[in-house]
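Presented below is the structure to which this report refers.
The values are calculated or read from the model by the stated rules, or taken from the named source; none is laboratory data. This structure is a prediction, so every number in the text was calculated from the model and none was measured. As a convention, Cβ positions derive from the backbone with ideal geometry for all residues, glycine included, and neighbour counts pool all protein chains shown.
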Amino acid sequence: MTLEKISCPNCGVENDATQSYCSQCQGNLYEAARMVGQRKRKSDPGTKWLVGCVVLLGALWSAYTVYRYNNPRPRASQKAVSSQDGARAIAGGHWVGCIDRDYHSKMNMYLVQDDLEAFKVALAARIAAGICTRFVAKERVFIADTAIFSGLVKLRREGDILEYWTNLESLELNSAFGITAMTICGIPERPG
């Protein structure tokens, strides 16, 4: 086992690191050890680079966040490709639509939890408040917006200005007219 050596700051003699005072001049070796440790910390360029990079990344992220807040990205046009006049039809069955995506998510949560009683109560209350609506089969609607990755679409009834979020599956998909899930979401299909 080799003991670490430390040089005396006064006379330069090598002493064991376990000693408190120099064996030659009786100088204080603790002070020398502390100075060597400080020099090692100060001269470590890796730590300086790491701290500098973290500070720089933090500053860049903050600047980017402020820029994005003040300059939001323009929404890409996600309007559906028109069949003739842009109208669509509701698929078979009854579909629920809500003016806010959060309300729609809450309604779906009741169904996923198989709590039909809560769903019925919430639906009746929200329909009465004008927050939600029921779409019926073959009802004529227009697409106002899409949320591609969530599987939601915002619909407007013919002759109405209110728009409601509902499931993409609520729309009839008629490939004879070139209407598919891809065209509803504004994604051009590749030629076959």
Kindly check whether there is at least one residue in segment 60-67 that is over 30 Å from L173 (Cβ atoms), of a type in the set (A, V, I, L, M), loosely packed, with under 14 Cβ neighbours inside 10 Å and modelled with pLDDT of 85 or more. yes
Kindly state which strands (runs of 3 or more DSSP E) lie completely within segment 126-177 and contain at least 1 residues that are under 24 Å from the mean Cα position of the chain (by Cα) and in contact (Cβ under 8 Å) with a residue 40 or more places away in the chain. 140-147, 152-157, 163-167
Filter pass, G186 being modelled with pLDDT of 70 or more and at positive phi: no
Could we say that T47 is out of contact with any Pro (no Cβ under 9 Å at 6 or more places or on another chain) and either in a helix (DSSP H, G or I) or at pLDDT 80 or above (or both) here? yes
Being assigned to a helix (DSSP H, G or I) and surrounded by 11 or more Cβ atoms within 10 Å (Cβ to Cβ) is the filter here; which residues of segment 84-115 pass it? R101, Y103, H104, S105, K106, M107, N108, M109, Y110, L111
Within segment 119-147, residues of a type in the set (V, I, T) and surrounded by 15 or more Cβ atoms within 10 Å (Cβ to Cβ) come out as I131, T133, V141, I143, T146
What do you reckon, is G52 at pLDDT below 85 and of a type outside the set (S, T, Y)? no
Near pairs, Cβ below 8 angstrom, 6+ apart or cross-chain, from segment 105-116 (under 18 Å from S150 (Cβ atoms)) to any residue that is of a type in the set (D, E, K, R): M107/R126
